[in-house]
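Chemist: Below is a structure I'd like to ask you about.
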Amino acid sequence: MQEKSPLLDVRGLSLEVARTGIKILKNISFDVKAGEIVGIVGESGSGKSMAARAIIALNPSAVQRTTGTISFEGRDIGTMHKRDLQALRGARVGMVFQEPMTSLNPSMRIGRQLEEGLRLHRRLTSRERHRLIVEMLARVGLNDPQTALAAMPHHFSGGMRQRIMLAAVMLLKPALLIADEPTTALDAVVQRDVLELMVDLTRENNTAVLMISHDLAMVAKYSDRVVVMSQGEIVEQGDTRNLLRAPQHPYTRKLLSALPHRVPARAVEVSPIARINVDGLVVDFAARRSLLRKGQPKRALNGVSLSVMPGEVVAVVGGSGSGKTTLGRTIAGLIKPTDGKILFNGKPIQISATDYVDYRLNCQMVFQDPYSSLDPRMTIGSLVGEALRHSTELTNKEKNMRVADVLDEVGLSPEFASRFPHQLSGGQRQRVAIARAVVRRPQFVIADEPVSALDVTVRAQVLKLFAELQRKHGFSCLFISHDLAVVEQIADRVIVMNHGVIVEEGRRDAIFDSPQHEYTRKLLQAIPALFGTENGGVELGWRFDDAGRKTVNGRP
Amino acid sequence: MRNLAPNTLIGSALVGTLLAGAFMGAVWTPYDPLGLNFKLKLAGPSAAHWLGTDEFGRDVLSRLLAGAATSFWISLLTVVLAVAAGTLIGILTGYFRGWVDRIVMTFNDALLAFPGILLALGLLAVVGANKYGIILALGLAYTPTVVRIVRGNVLSLREREFIEASRVMGNSNAYTMFRHILPNCIAPLTVLATSMFGWVLLAESALSFLGLGVPPPAPTWGNMLASGRPFISQAVWLAIFPGLCISLTLLGINLLGDALRDKLDPRMRG
């Protein structure tokens, strides 16, 4: 591979916002050789997406190139005529975006959408186009490509849409595929399938891939070379295996240390009365009714039973649609169960009972999206203080002190109390959401994907904070997540869900080291397992062998 | 006062003039707006009567000032009525959904299908043409629009996690609606209220023009325009000045409404 001349060669590229003079990229150089997979890793704001967009001159017009050249297949993109550039986009350079829900035109049939590129860039008869499209849809794993042609994007799940997107791009057999966080919005198993498909498909066509991601584990598994970016600069680049095994730059080390890692298991006392006991929980969602037809209700939870001990962190994992979020929301009292019992400290909770108030005040929730879980018109201080509204044992003065204390506990200085959510970063907002949940010292906290919306390093910080608070205040926690790496770090016990039922349950180490159920294994295999090396780096390995036995440091 | 666009300035100046005129008209006018003077019938603008006199020799400027006060109060009270009623219905139906929502919205859509002025005409026929009748009729006629907009806003708000967070905190529905939903509806409501102020002003003038507004001799811009119509060939100022007042006020309110919308848009906030 080394002797090939680069397909894409970026030399000394700098970008800045024309009006303000803010530098977005500072003198970056990297190349991509034909058929190679290069990963660009960095946090949000590092300029990685902007670098990729500049390659096909798709950067916003306010952002201007100040120095440097970008040459693709030996031609300089900067001096290219607009028409040549258009011929290049799609035909020679394809792009897959992050958000599968919005990257396909929602009002256009799949067949038409796939045909668009072929019409534009290839001279083919409609019969040939049709044949190519059907072949490609079959290749990306659609069961019935003929029917899919006439379907609309909303008929497909996120993973399927991303496959279709991939098909649309690969139909033209581009020389370079730019994938901007292609699987961030998908759950672990689907993510793995889509990435494997992308790698296979590009290998078959000798297409090079520029993979932009904040997920180091994914990049470690799939890329040949990696470029690490921070604040508009490339801090380090090189062969993926070597770079990750022995990172040179402190920033790379910081990124690697932010990866979730297992901490030694703690002993949780088994108390005679569980904090929360769920017995045979069933939740049906009413189906959308049409004029004549009364649809079948959709069963989201089908007889789920679990218990959480005082002071225990129980993680619920599963793919999207497994019912894990519904479970959390039902226990929180946001959804009425169709059947089953929820016991809190041994007493059943009922919406009308007087005990319910006690439960309501003792069960708090941290939501996934820090951008929508805080009322945009309230200050941070009043947002956190609102949770104390029903507390009768505290005077107003004590409430204010408690709010200040909790803000301090979550690492926010006192001046944050008077700010509004939109003035805060995602990580800070999630700290506020956690503060709001723990300010009343609840006995039980439900955390629904509390860190999935955050960046790698911020995620590590927030997770650490959450674990510290849990240890300090000793609340029980139901931690809902699709991110197994995070669960591995925080959970005492793990519950694996699929299609509304619990498929496996056990202590964390047992689940991660020797999973018994097939679905659990599939989930675990979907995420690359990284094992630490002596030089502060990481290496890919296996959690368990084919028979489900634990490995030693990633070696079977 | 940074980044004040010229449109905002013009809008504020026009609306400011209207407000000043309305307050002045309520307190003092150069002549008695109802005082007849048959010696000075249909006199053109002069030093004594800046905007001339009408067919009964009444001073047009005084009548315009007095009319501004009437028109302003009618518009203001109408908008307050429509916004209050519409917001209440919109928040309740949007928050609770269910069959009440379906019935209310069907009824609301039926009302929306009527042009506002037609609805007001019908209602005026029932309640009688006077100041309060107009406020009631126009207020009811514009309520469905407010309901639509508020309900749509509530529907998108209730899907946001902070509403659920409020429930998890143990807050009552009433508290959640008042503390979390209502403040988040203020921005679109302010914009709606400003433009509605303009519509109502126009509708009130139109009703008065049709003879269903505030009964003469009390002046409003609408009935002044209407009574000036037969004399348009002899005394063009009778129709021009009230018409000009209506147009300029509408222009001012629309400009100010645009400025407010930009100001209240969360994406424009720092």
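Chemist: Students often forget the sequence filter, so: which lysines lie under 21 Å Cα-Cα from A:K221 once same-chain residues fewer than 8 apart are removed?
Modeler: Qualifying lysines at Cα under 21 Å: A:K33, A:K48, A:K254, A:K522, A:K550.
Chemist: Ranking request for peptides B:74-87, A:62-75: highest mean number of other beta-carbon atoms within 10 Å first, then the rest in descending order. Don't jump to the answer; show the numbers that get you there.
Modeler: On the way: B:74-87: 21.4, A:62-75: 15.3.
Listed from highest to lowest mean packing, they are B:74-87, A:62-75.
Chemist: Where both partners of a DSSP beta bridge lie in region A:378-523, what percent of those bridges are antiparallel, to the nearest 5?
Modeler: Given both bridge residues lie in region A:378-523, the antiparallel proportion sits at roughly 55 percent.
Chemist: Excluding same-chain residues fewer than 8 positions from A:K336, which lysines have a Cα within less than 20 Å of its Cα?
Modeler: By straight Cα distance, A:K336 reaches A:K298, A:K324, A:K347.
Chemist: From the helices alone, meaning DSSP H stretches of at least four residues, give me the mean residue ellipticity at 222 nm for chain A, per-run term -39500 (n - 2.57), in deg cm²/dmol to the nearest 500.
Modeler: Details: 19 runs with 187 residues, N = 556.
Mean residue ellipticity, 222 nm, calculated: -10000 deg cm²/dmol.
Chemist: Another one. Between B:F23, A:F475, A:Y356, whose Cα lies farthest towards the positive end of the dipole of the protein assembly as shown when Lys and Arg beta carbons carry +1 and Asp and Glu beta carbons carry -1, centred on the Cα centre?
Modeler: So the residue furthest toward the plus end is B:F23.
Chemist: Continuing with the same structure: Where does each of A:428-438, A:109-119 land if you order them by average Cβ count within 10 Å, highest first? Don't skip to the answer; put the middle values down first.
Modeler: Values: A:428-438: 25.5, A:109-119: 18.7.
Ranking the peptides A:428-438, A:109-119 by packing returns A:428-438, A:109-119.
Chemist: Treat every Asp and Glu Cβ in region B:168-270 as -1 and every Lys and Arg Cβ as +1, leave all other atoms uncharged, and give the resulting dipole magnitude about the Cα centre to the nearest 20 debye.
Modeler: Numbers: 6 positive and 4 negative charges, 45 e Å.
Roughly 220 debye for region B:168-270.
Chemist: Evaluate the charge dipole of region B:59-264 about its Cα centre and quote only its size in Debye, nearest 20, assuming +1 on the Cβ of each Lys and Arg and -1 on the Cβ of each Asp and Glu. Mind dumping the intermediate values first?
Modeler: Working: 13 positive and 9 negative charges, 47 e Å.
Approximately 220 debye in magnitude.
Chemist: Could you tell me how many degrees, from 0 to 90 and to the nearest 10, lie between the Cα long axis of helix B:237-264 and the main elongation axis, the longest principal axis, of the Cα atoms of chain B?
Modeler: On a 0 to 90 degree scale, this one is about 20.
Chemist: Which order do the peptides B:254-264, A:223-233 come out in when sorted by mean C-beta neighbours inside 10 angstrom, highest first? Each step should come with its number before you reach the end.
Modeler: On the way: B:254-264: 18.0, A:223-233: 21.6.
Going from most to least packed, we get A:223-233, B:254-264.
Chemist: Here's a follow-up. Is there a quick way to get the dipole size of chain A? I mean about its Cα centre, with the Cβ of Lys and Arg at +1 and of Asp and Glu at -1; what is the value in debye to the nearest 20? Walk me through the intermediate numbers first.
Modeler: Numbers: 73 positive and 59 negative charges, 273 e Å.
The dipole of chain A has a size of about 1300 debye.
Chemist: What FRET efficiency comes out for the pair A:R419/B:K41, r = Cβ-Cβ distance, R0 = 51 Å, nearest 0.05?
Modeler: Details: r = 67 Å, r/R0 = 1.31.
The calculated FRET efficiency here is 0.15.
Chemist: Now a separate question. I'd like the projected area of chain A, averaged over all directions, using the convex hull of its alpha carbons. Report it in nm² with one decimal. Working shown, then result.
Modeler: Values: hull surface 118.6 nm².
If you wrap the Cα atoms of chain A in a convex hull and average its projections, you get 29.7 nm².
Chemist: Past the 29 angstrom mark, what percentage of all C-alpha to C-alpha distances in region B:59-264 do you count? Mind dumping the intermediate values first?
Modeler: Values: 7239 of 21115 pairs.
Of all Cα-Cα distances in region B:59-264, 34 percent exceed 29 Å.
Chemist: Rounded if a/c is under 1.5, else prolate if a/b beats b/c, else oblate: with a ≥ b ≥ c from the C-alpha gyration tensor eigenvalues square-rooted, which is region A:76-189?
Modeler: Numbers: a/c = 2.03, a/b = 1.24, b/c = 1.64.
Judged from the Cα gyration tensor, region A:76-189 comes out oblate (a/c at least 1.5, b/c at or above a/b).
Chemist: Still on this structure: Determine the share of the protein assembly as shown's accessible area contributed by carbon and sulfur atoms, expressed in whole percent, with a 1.4 angstrom probe. Can you show the working numbers first?
Modeler: Numbers: 21820 of 38430 Å².
Reported share for carbon and sulfur atoms: 57 percent.
Chemist: Another one. Summarise the partner chain shielding of B:169-178 as one whole number: the mean count of Cβ atoms from other chains within 10 Å of each residue's Cβ. Walk me through the numbers on the way to the answer.
Modeler: Numbers: counts 13, 15, 5, 1, 0, 0, 3, 1, 0, 0.
Counting Cβ atoms of other protein chains within 10 Å of each residue's Cβ and averaging gives 4.
Chemist: Rounded, prolate or oblate: which fits region B:1-99 when a ≥ b ≥ c are the square roots of the eigenvalues of the alpha-carbon gyration tensor, with rounded for a/c under 1.5 and prolate only if a/b beats b/c? Walk me through the numbers on the way to the answer.
Modeler: On the way: a/c = 4.15, a/b = 1.95, b/c = 2.13.
Taking the square roots of the gyration eigenvalues as a ≥ b ≥ c, region B:1-99 is oblate.
Chemist: Which net charge results when you count Lys and Arg as +1 and Asp and Glu as -1 among the other residues whose beta-carbon is under 14 Å from that of A:A300? Don't skip to the end; give the middle numbers.
Modeler: Working: positive: A:K298, A:R299, A:K324, A:R329, A:K336; negative: A:D284, A:D339.
It works out to a net charge of +3.
Chemist: Also, I was wondering about something else. Taking the dipole about the Cα centre of chain A, with the C-beta of Lys and Arg at +1 and of Asp and Glu at -1, give me whichever of A:T207, A:T533, A:A437 is farthest to the positive side.
Modeler: Ranked along the dipole, the leading option is A:T207.
Chemist: Add +1 for every Lys or Arg and -1 for every Asp or Glu among the other residues with Cβ under 13 Å from the Cβ of A:S157, and state the total. Working shown, then result.
Modeler: Values: positive: A:R161, A:R163; negative: A:D187, A:D193.
Residues near A:S157 contribute 0 overall.
Chemist: Here's another thing I want to ask about it. Roughly how large is the B-A contact in terms of buried accessible area, totalled over both chains, probe 1.4 Å, nearest 100 Å²? Spell out each step's value before the answer.
Modeler: Working: alone 14300 and 26280 Å², together 38430 Å².
Roughly 2200 Å² of accessible surface disappears when B and A pair.
Chemist: Could you run the Debye sum over the Cα atoms of region A:340-401, one equal point scatterer each and no solvent, and tell me log10 of I(q)/I(0) at q = 0.29 Å⁻¹, two decimals?
Modeler: Treating every Cα as an identical point scatterer, log10 I(q)/I(0) equals -1.17.
Chemist: Once you average over the residues of A:216-228, how many Cβ atoms of partner chains fall within 10 Å of each Cβ? Mind showing how you got there, number by number?
Modeler: Working: counts 0, 0, 0, 0, 0, 0, 0, 0, 0, 0, 0, 0, 0.
Counting other chains' Cβ atoms within 10 Å and averaging over A:216-228 gives 0.
Chemist: Provide the per residue accessible area, probe 1.4 Å, for the protein assembly as shown, rounded to a whole number of square angstrom. Could the numbers behind the result be given before it?
Modeler: Working: 38430 Å² over 826 residues.
Counting only protein heavy atoms, the per-residue value for the protein assembly as shown is 47 Å².
Chemist: In peptide A:332-339, what is the residue-averaged number of other protein chain Cβ atoms found within 10 Å of each Cβ? Don't skip to the answer; put the middle values down first.
Modeler: Working: counts 3, 3, 4, 0, 0, 0, 0, 0.
If you average over the peptide's residues, the count of other-chain Cβ atoms is 1.
Chemist: Which residues of region B:133-168 bury at least 10 Å² of accessible area once all protein chains are present, versus their chain alone (1.4 Å probe)?
Modeler: Buried by the other chains: B:R160, B:E161, B:F162, B:E164, B:A165, B:R167, B:V168.
Chemist: Can you list the lysines whose alpha carbon sits under 30 Å from that of B:K131, skipping same-chain ones fewer than 8 residues off?
Modeler: B:K41
Chemist: For region A:501-546 and region B:1-60, write down the distance between their C-alpha centroids in whole Å.
Modeler: 82 Å
Chemist: Something else about it: Using a/c under 1.5 as the rounded threshold, could you call region A:1-102 rounded, prolate or oblate? The axes a ≥ b ≥ c are square roots of the C-alpha gyration tensor eigenvalues, and prolate needs a/b larger than b/c, oblate otherwise. Before the final figure, lay out each step's value.
Modeler: Details: a/c = 1.30, a/b = 1.26, b/c = 1.03.
Rounded is the answer for region A:1-102, as its axis ratio a/c remains below 1.5.
Chemist: Right, here's the next one. DSSP beta bridges in chain A, what fraction antiparallel, as a percent rounded to 5?
Modeler: Given both bridge residues lie in chain A, the antiparallel proportion sits at roughly 55 percent.
Chemist: Around A:A491, under 11 Å between beta carbons, what's the net of Lys plus Arg minus Asp minus Glu among the other residues?
Modeler: Details: positive: A:R262, A:R266, A:R493, A:R507, A:R508; negative: A:E312, A:E488, A:D492, A:D509.
Around A:A491, the surrounding residues sum to +1.
The values are calculated or read from the model by the stated rules, or taken from the named source; none is laboratory data. In this text, all values refer to a predicted model and were calculated from it rather than measured experimentally. Cβ sites come from the backbone with ideal geometry, for glycine too, and all protein chains shown count toward neighbours. Ligands, DNA and RNA are stripped out before the accessible areas are found, and what is left, the full protein with its side chains, is counted by its heavy atoms. Shrake-Rupley method; radii C 1.70, N 1.55, O 1.52, S 1.80 Å.
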